[in-house]
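Written out below as structure tokens is the structure these notes cover.
Here, each number is a calculation from the coordinates, and none is a lab measurement. Just so it is clear, the structure is predicted and the values come from calculations on it, not from any experiment. Neighbour counts run over all protein chains shown; Cβ positions are idealised from the backbone, glycine included.
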Amino acid sequence: MNILVVGRGGREHSLVMHLEKSSQVDKLYAAPGNGGMDKHATCVNINEMDIDGLVHFAKEAGIDLTIVGPEAPLNAGIADRFQEENLAVFAPTEKAALLEGSKSFAKDFMKKYEIPTAAYETFTDAEAAKRYIEQQGAPIVVKADGLAEGKGVIVAETKEQAIEAIDNMMIEKTFAEAGATIVIEEFLEGNEFSLMAFVHENNVFPMMPARDHKRAYDNDEGPNTGGMGAFAPVPDVTEDILTYTEKVVLQKAADSLMEEGRPFTGILYAGLMNTPKGPKVIEFNTRFGDPETQVVLPLMNNDLDQVILDVMAGKDPELEWKDEACVGVVVASAGYPGLYKKGAPIPVSEPTDYTFVVQAGTEKSKDGIVSNGGRVLLVGAVGENLDQAAQTAYDYLQIFNTTDAFFYRKDIGINKI
Ligand code: AMP
Ligand code: GLY
């Protein structure tokens, strides 16, 4: 089988690392891929948004299955185009991907089908939004409706911060059209977790839960980022919580999307807050999470390509999970998520049997691999339990202490909340 992975981040690096292990995979391609992926796959220089280019390549190269990593091409209709050309693609159509592409659509959908989520109102008028903030008070959460690369959510601790967020989104148009409509929602208290599932129409096969840490610094302090590390499984997410979430969130969402005439194929990702009243959805994503994928896939015994083929054929993939834990720590450029420098040489050390390195913001240069993004790479480790996995990952991470070009959080998998 020939497989194409669309994307260039850590998540896609992780996907090709796992696909490479399968004996069924003949040729593995990544478009456009990154500096670390070419060890596992042939990188082809086609942008993830160049859908015509990707269709053309899939036909030329005899691709049997395409897996799409990032959200932007999903919302641009990549799955629809591949399907029109009779090319197998594991990704939702544009209509189904709206569950991530529009927060107001997602919130109205959850309300209609009674999927637990924070109370909310949608606004297209800044003055009305501000009056609502005055009424509700803080803390409160302001969200741009459309895709904003994870930056469109402001958890405002004061009314002033909320009003500033409205001005940024609706008056200054920081997120362009993505912020023309905003959702304002109730602040939820609790511990967050992510639950992803392989989905095809009504069939839902959940993975192991993971916890992603989005704040830049230890103890969840500092600005929000694209994610500074993750671990799986999550000790405080009990079997009962999982069973409830599978039924009342993931299965209900898949069934309801069918009812709406938007059947879902691909990865359905629920970001949840485990509140005193039970889990509530913070957001749906319609793709593999990043960095959750990097810590969940190492715990799966099945071949990823076979799981996807089974799910798409309506069969139970019989997922099997290791009785172990995985911790992944992101190494970021000093200064991230603010201004940072690119081009710093990346210290190299061979990963051991229990550690792995997944690259994201890297580039090949004449001096070896150098940084070219905010989140540079993720060091992951598998262990008998979270403490052991964290210890192994942090032992390896010491090589990054010799330079001040990078930083990483010291508490991923150690501080389990
Ligand atoms: P998102 O980009 O939607 O994942 O949101 C970014 C982060 O904002 C989430 O991971 C949460 O930590 C936080 N957040 C979003 N919505 C809420 C909410 N209603 N209550 C509390 N925190 C939230
Ligand atoms: N880890 C959150 C996301 O993938 O959006």
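As a quick test, which of the pairs LYS21/LYS214; LYS59/LYS315; LYS143/LYS247; LYS107/LYS410; LYS107/LYS247 have an alpha carbon distance above 24 angstrom in this structure?
In this structure, LYS21/LYS214; LYS59/LYS315; LYS143/LYS247; LYS107/LYS410 lie more than 24 Å apart at Cα.
Starting from the Cα of GLU189, step 7 Å along the direction of its Cβ; do the same at GLU239; then give the gap between the two resulting points in nm.
Spacing of the two 7 Å Cα→Cβ label points: 3.1 nm.
Note down the net charge around VAL329, summing +1 for each Lys or Arg and -1 for each Asp or Glu among other residues with Cβ under 9 Å from its Cβ.
+2
Tally Lys and Arg at +1 and Asp and Glu at -1 over the other residues with C-beta under 10 Å from the C-beta of HIS18: what net charge comes out?
Charge balance near HIS18 sits at -2.
Given a 10 angstrom Cα cut-off, can you work out which residue in HIS56, HIS200, HIS40 is the most mobile in a GNM of the chain?
HIS56
Scan segment 316-362 for GluC sites (Glu not before Pro) in coil per DSSP, keeping those whose Cβ has at most 11 other Cβ atoms within 10 Å, and list them by number.
GLU318, GLU320
Which of the listed residues, MET258, LEU309, LEU377, is farthest toward the dipole's positive end in the chain, when Lys, Arg count +1 and Asp, Glu count -1 at the beta-carbon?
Positive-most Cα among the choices belongs to LEU377.
Once phi is turned into ³J(HN,Hα) by the Karplus curve 6.51 cos²θ - 1.76 cosθ + 1.60 with θ = phi - 60°, what whole-Hz value does each residue of segment 100-115 show in order, with x for glycine and proline?
In residue order, the calculated couplings are 9, x, 9, 5, 5, 4, 4, 5, 5, 4, 5, 5, 4, 9, 6, 8 Hz.
Sticking with the crude label model, points 7 Å out along Cα→Cβ, report the distance from ASN301 to GLN391 in nm, one decimal please.
2.5
At most 11 other Cβ atoms within 10 Å and a DSSP loop assignment: could you name the trypsin sites (Lys or Arg not before Pro) in segment 230-313 that fit?
Taking segment 230-313 and a limit of 11 other Cβ atoms within 10 Å, the loop trypsin sites (Lys or Arg not before Pro) found are LYS277.
Tell me, what is the percent relative contact order of the chain, built from C-alpha pairs under 8 Å that lie six or more residues apart?
Reported as a whole number, the value is 16 percent.
Using helices alone, what [θ] at 222 nm do you get for the chain, with -39,500 (n - 2.57) per DSSP H run of 4 or more residues, divided over all residues and rounded to the nearest 500?
After summing the helix terms and dividing by the residues of the chain, the value is -7500 deg cm²/dmol.
Run through segment 1-68 and list the trypsin sites (Lys or Arg not before Pro) located in a DSSP loop whose Cβ has at most 16 other Cβ atoms within 10 Å.
LYS21
Based solely on C-alpha atoms, express the radius of gyration and the Dmax of segment 64-175 in angstrom.
17.1, 55
In debye to the nearest 20, how big a dipole does segment 144-225 give about its Cα centre with +1 on each Lys and Arg Cβ and -1 on each Asp and Glu Cβ?
Rounded to the nearest 20 debye, it is 220 debye.
Which ³J(HN,Hα) values in Hz, rounded to whole numbers, follow from the phi angles of segment 281-297 under the Karplus curve 6.51 cos²θ - 1.76 cosθ + 1.60, where θ = phi - 60° and Gly and Pro get x?
6, 8, 7, 9, 10, 10, 6, 4, x, 10, x, 4, 3, 5, 9, 8, 4
Please name which of THR158, ALA128, ALA178 has its Cα lying farthest along the dipole of segment 90-191 towards the positive end, using unit charges on Cβ (Lys, Arg +1; Asp, Glu -1) and the Cα centre as origin.
ALA178
From zero up to wherever the largest Cα-Cα distance of segment 233-331 sits, split into 10 Å bins and tell me the percent of pairs in each.
Reading upward from the zero bin: 12, 40, 40, 8, 0.
Which value, in debye to the nearest 20, describes the size of the charge dipole of the chain about its Cα centre when Lys and Arg Cβ atoms bear +1, Asp and Glu Cβ atoms bear -1, and nothing else is charged?
Around 640 debye, computed over the chain.
When the chain is fully extended, how far beyond the present Cα-Cα distance does LYS111 get from LYS151, taking 0.36 nm per residue of separation?
12.0 nm
Multiply the residue separation of GLU85 and LYS315 by 0.36 nm, subtract the distance between their alpha-carbon atoms, and state the gained length in nm to one decimal.
Result: 80.4 nm gained on full extension.
Rg/Rh for the chain to two decimals, with Rh computed the Kirkwood way over all alpha-carbon pairs.
Expressed as Rg/Rh, it is 0.95.
Please find, in a Gaussian network model of the chain (springs between Cα atoms separated by less than 10 Å), the residue of GLU192, GLU114, GLU94 whose mean-square fluctuation is greatest.
Most flexible of the set in this elastic network: GLU114.
I'd like the Karplus ³J(HN,Hα) series for segment 368-381: coefficients 6.51, -1.76, 1.60, θ = phi - 60°, whole numbers in Hz, and an x wherever there's a Gly or Pro.
Coupling constants for segment 368-381: x, 7, 10, 6, 9, x, x, 8, 8, 7, 10, 9, x, 8 Hz.
Which residue fluctuates the most in the chain, going by a Gaussian network model with Cα springs under 10 Å, if the choices are GLU186, GLU20, GLU84?
Sorting by GNM fluctuation, first place goes to GLU84.
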